[in-house]
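Note sheet for the following structure.
The values are calculated or read from the model by the stated rules, or taken from the named source; none is laboratory data. Please read all numbers here as calculations on a predicted model, not as lab measurements. Every residue, glycine as well, gets a Cβ built from its backbone with ideal geometry; the counts of neighbours run over all protein chains shown. Heads up: the accessible areas ignore ligands, DNA and RNA and are worked out on the full protein's heavy atoms, side chains in. Shrake-Rupley method; radii C 1.70, N 1.55, O 1.52, S 1.80 Å.
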Amino acid sequence: MKTVKLTMGQALVRYLIAQRTIIDGDEVPLFAGLFGIFGHGNVTCIAEALEPVQDQLPTWRGQNEQSMALAAIAYAKAKKRRQIMIALSSIGPGATNMVTAAGVAMSNRLPVLLLAGDTFANRIPDPVLQQVEHFGCPSTTANDAFRSVTRYWDRIVRPEQILGSLPQAVATMLDPADCGPAFLGLAQDAQAEAYDYPEVFFEPTVHEIPRPRPDVGSVKAAVEILRGAEKPLIIAGGGVQYSGATAELAAFAEAHNVPVCETIGGRTSLLHDHPMNIGPIGVIGSASANAMAAEADVVFAVGTRLGDFITGSWTVFREDARIIALNAARFDAVKHRAVSVIGDALVGLEEIDQGLANWRAPDSWIAKGAKEYAEWNTLVDKLSGPTNAEVPSYAHVVGALNRMADPTDLALSAAGGLPGEVCKVWKGKSVGTYDCEFGFSCMGYEIAGAWGAKMANPDRDVIAMVGDGSYLMMNSDIYSTVLTGDKVIFVVMDNGGFAVINRLQNYKGGKSFNNMFVDTRRKELVEVDFAKHAESMGALSETVHSISELEQAFARAKAADRTYVIVTKVQAHEWTPGDAWWDVGVPEVNEREEIRAARVDHEAARGKQRVGV
């Protein structure tokens, strides 16, 4: 066997470069690049291996380990899980900064390769800088924190171990069922050690995402249930887009006269005005989709994990509604006693379509969906249309941006009040033009994720909608977008604090406390000048005071040659309705009358939950 002597760090980089994939018929690198922050745990060995190969595996400097990993995750999402970015940190705090991002990838079923320095395998210099010591378990390091938030985890303490571990990590990230983050902790001494690696380990390998076909029996069972349905409903999840099945979904719905609602991850699977579209479903969904879900006798869930924000904590469906779950992941397909069709969304839809032949749901059912959807859109238009209000609502701002956006522009949001407002108000003009990180609901994804999404698709504008709370929490990648030339349009909506949590606090009977800045312990209240702050990081920026000014600023942002930040005040107490119920704890015993009343309402709503079925 021919071998080549390399350090583990050099071999790691060479292997990653050798991995290829197919996108739209073209062979491209599987790993498009690496976000890195160097420290003593990676700069002398991994950085040494990366520096000479910038034309093959470009390294982008991050400003914060969490945010650069979030950018990597958004990149993979924009690429529909077909191309992956790497996030590299040193040891200790640099590594643990990525744990939150790993949770984002884990909950959203998105691939990212996380590499972090680790302690010395030989333990001779222990305790090393940034090492945490476990008195009863010396092999435990800070990197063990990743175990609960990764699909694949390994610690490399010998250079030859990557021969087995790297292929497993890649396979995990590319598996439609197990897709998620992979983590490798790289012992500092092992990074420097040389080994005679087989040359074939570094031969180019082309990976194609598999399309597992569902079991014939499960397809027949799904067909039989659908044929007996009078009021079927399709729920389109993110898996529809990752499978590339949006056209097949539309064709299926049209052929069989079945209304389609979308999850947060599945938004813009259909165009806004598609005749089968009845809007987003769930807690931050539409009144139209929720009304239809309440009557549906068969729910066909395609590519969704049916999270609580979609199911209204399992109150949006009839108690006797049958659920069919088409999903690549067995774990998701068997939830709530669903009839499980375990397989790829695209081929699963094709095979169920063939089994249904000419069957169609009653015209009266789709007519009801169209009526509900029209009423919903009328309400949204009223709440989000032009206004002369001195301080507009979220809906007014989102509506204005939507009207001015180009069809291919990506609307991006994450945590706080914006996911609900964008989910309800944004009208998809093109398929796949919506990214709301709401699996982990991570504040900070908005700015970092926009950077990664723009890198993935540089020919379209990314419109990232950011609350003041998220901006204050993580904003340094505005500077990153300027450094790398990846122009993003950021719209910062300032409502004076964590307004949506204040809303929840009040709704459940609590007093306003520690959410809005006016309700916090403080010496003085200082208003942040977000525009000046963004300008200090090299962005173009301005503050607007009306929707008319916003429209003019957005036109300037579109024409700008670099990242542009628009800041506007928004109302803290005006929200778009349509919500389903959400199960959050309300104190069973309390002296406050409002909380006692909320507890009564809470118990009544819990009585409507489907418990495990």
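A straight Cα-to-Cα reach below 20 Å connects K558 with the aspartates and glutamates D406, D409, D435, E446, D459, D461, D477, D486, E535, E542, E549, residues fewer than 8 places away in its own chain not being considered. Placing a label point 7 Å from the Cα of T3 along the Cα-to-Cβ direction, the residues of segment 180-205 whose backbone N falls under 18 Å from that point are 190-203.
Looking at the chain, the DSSP beta bridges with both ends there are about 15 percent antiparallel. Rounded to the nearest whole Hz, the Karplus-based 3J(HN,Hα) values (6.51 cos²θ - 1.76 cosθ + 1.60, θ = phi - 60°) of segment 54-70 follow the sequence 4, 6, 10, 9, x, 9, 10, 6, x, 9, 8, 4, 5, 5, 5, 5, 5, with x at glycine and proline. How much FRET efficiency would the formula 1/(1 + (r/R0)^6) give for A357 and R318, where r is the Cβ-Cβ distance and R0 is 30 Å, rounded to 0.05? Result of the calculation: an efficiency of 0.65.
The GluC sites (Glu not before Pro) of segment 332-375 include none that meets both conditions, a loop assignment by DSSP and at most 16 other Cβ atoms within 10 Å of the site Cβ.
For a distance above 24 Å, tell me the whole-number percent of Cα pairs in segment 249-366 that qualify. Don't skip to the end; give the middle numbers.
Numbers: 1301 of 6903 pairs.
More than 24 Å apart: 19 percent of the Cα pairs in segment 249-366.
The convex hull defined by the C-alpha atoms of the chain has an orientation-averaged projected area of 30.0 nm². Peptides 465-472, 588-595 ranked from most to least packed give 465-472, 588-595, packing being the mean of other C-beta atoms within 10 angstrom over each peptide's residues. Among beta bridges identified by DSSP and lying wholly in segment 493-605, the antiparallel ones come to about 10 percent. Set the Cα radius of gyration of segment 503-568 against 2.2 N^0.38 Å, with N its number of residues, and you get 1.54. For segment 465-558, the normalised intensity computed at q = 0.12, 0.25 Å⁻¹ comes to -0.48, -1.30 (log10 of I(q)/I(0), Debye sum over alpha carbons, equal scatterers, no solvent). Full extension from E208 to E133: what is 0.36 nm times the residue separation minus their Cα-Cα distance, to one decimal in nm? Result: 22.8 nm gained on full extension. If R0 equals 22 Å, the separation of the Cβ atoms of T378 and A294 corresponds to a calculated FRET efficiency of about 0.65. Across the chain, the mean sequence separation of Cα contacts (distance under 8 Å, 6 or more residues apart), normalised by length, yields a relative contact order of 13 percent. Over the residues of the chain, the helix contribution to mean residue ellipticity at 222 nm works out to -11000 deg cm²/dmol, using -39500 (n - 2.57) for each DSSP H run of at least 4.
Close amide-amide hydrogen proximity is noted between E262 and A236, G279, I281, each under 5 Å apart and 5 or more residues distant or on a separate chain (H modeled in the peptide plane; Pro and chain starts excluded). Here's how it looks for G39: its modeled amide H is under 5 Å from those of S90, which are all 5 or more places away or on a different chain. Scalar couplings 3J(HN,Hα) for segment 97-113, obtained by applying the Karplus form with A = 6.51, B = -1.76, C = 1.60 to θ = phi - 60°, are 4, 8, 4, 4, 4, 4, x, 4, 5, 5, 6, 8, 6, 10, x, 7, 9 Hz; x denotes Gly and Pro. Using DSSP to call loops (not H, G, I, E or B), can you name the trypsin sites (Lys or Arg not before Pro) in segment 521-581 whose Cβ has at most 11 other Cβ atoms within 10 angstrom? Passing both the DSSP loop test and the Cβ count: R521, R522, K523. Normalised by 2.2 N^0.38 Å, where N is the number of residues, the alpha-carbon radius of gyration of segment 357-503 equals 1.18.
Nonpolar atom fraction for segment 264-398, defined as the carbon and sulfur part of the 1.4 Å probe accessible area, stands at 52 percent. By accessible area, using a 1.4 Å probe on protein heavy atoms only, segment 500-600 has 51% of its surface on carbon and sulfur. Rounded to the nearest 0.05, what FRET efficiency do R330 and H573 have when you use their Cβ-Cβ distance and R0 = 51 Å? After rounding, the FRET efficiency stands at 0.70. Per residue, the solvent-accessible area of the chain (1.4 Å probe, heavy atoms of protein chains only, all protein chains present) comes to 40 Å².
On a 24 Å Cα-Cα criterion, which of the cross-link pairs K77/K382; K368/K424; K335/K371; K77/K368; K220/K608; K424/K487 come out too long?
On the way: K77/K382 33 Å; K368/K424 20 Å; K335/K371 31 Å; K77/K368 34 Å; K220/K608 31 Å; K424/K487 26 Å.
Listed pairs above 24 Å: K77/K382; K335/K371; K77/K368; K220/K608; K424/K487.
Contact order for segment 477-553, expressed relative to its length and based on alpha carbon pairs under 8 Å spaced 6+ residues apart, stands at 27 percent. Projecting label points 7 angstrom from Cα along Cα→Cβ for V526 and A560 puts them 2.4 nm apart.
The phi torsions of segment 206-221, fed into the Karplus equation with coefficients 6.51, -1.76 and 1.60 and a -60° offset, translate into couplings of 9, 9, 10, 5, x, 10, x, 8, x, 4, 4, x, 5, 5, 4, 5 Hz, rounded to whole numbers, with Gly and Pro shown as x. Semi-axes of the equivalent ellipsoid of segment 189-250 are 46, 15, 12 Å, computed as sqrt(5λ) over the eigenvalues of the C-alpha gyration tensor in descending order. One compactness figure for segment 94-151 is 1.26, namely its Cα radius of gyration divided by 2.2 N^0.38 Å.
The length gained on full extension between R20 and A389, counted as 0.36 nm times the residue separation minus their Cα-Cα distance, comes to 127.5 nm. Remark on segment 306-415: hydrodynamic radius 18.2 angstrom, per the Kirkwood mean of 1/r across alpha carbon pairs. Taking the longest Cα principal axis of the chain as reference, the axis of helix 394-404 is set at about 80 degrees. Taking the protein heavy atoms of segment 185-243 in the context of the full set of protein chains, the accessible area attributed to carbon and sulfur is 51 percent at 1.4 Å. Coordinate range of the alpha-carbon atoms in segment 1-79 per principal axis, descending: 38, 35, 18 Å.
Relative contact order, percent, of segment 89-220 when contacts are C-alpha pairs under 8 Å separated by at least 6 residues? Each step should come with its number before you reach the end.
Working: 191 pairs, mean separation 40.5, N = 132.
Value for segment 89-220: 31 percent.
Annotation: amide H of T21 within the under-5 Å range of V28, L30, H207, sequence separation 5 or more or interchain, hydrogens built in the peptide plane. Ranked from largest, the principal axis spans of the Cα set of segment 78-187 equal 44, 29, 22 Å.
For segment 147-262, state the average projected area of the convex hull of the C-alpha atoms over all orientations, rounded to one decimal in nm². Mind showing how you got there, number by number?
On the way: hull surface 43.7 nm².
One quarter of the hull surface, i.e. the mean projection, equals 10.9 nm².
Cα centroids of segment 58-131 and segment 140-217: 14 Å apart. Shape summary: segment 306-350 maps onto an equivalent ellipsoid whose semi-axes, from the alpha-carbon gyration tensor, are 20, 11, 9 Å in decreasing order. Once a ≥ b ≥ c are taken as the square roots of the eigenvalues of the Cα gyration tensor of segment 1-138, is the result rounded (a/c under 1.5), prolate (a/b larger than b/c) or oblate (a/b not larger than b/c)? Oblate, because a/c is 1.5 or more while a/b does not exceed b/c.
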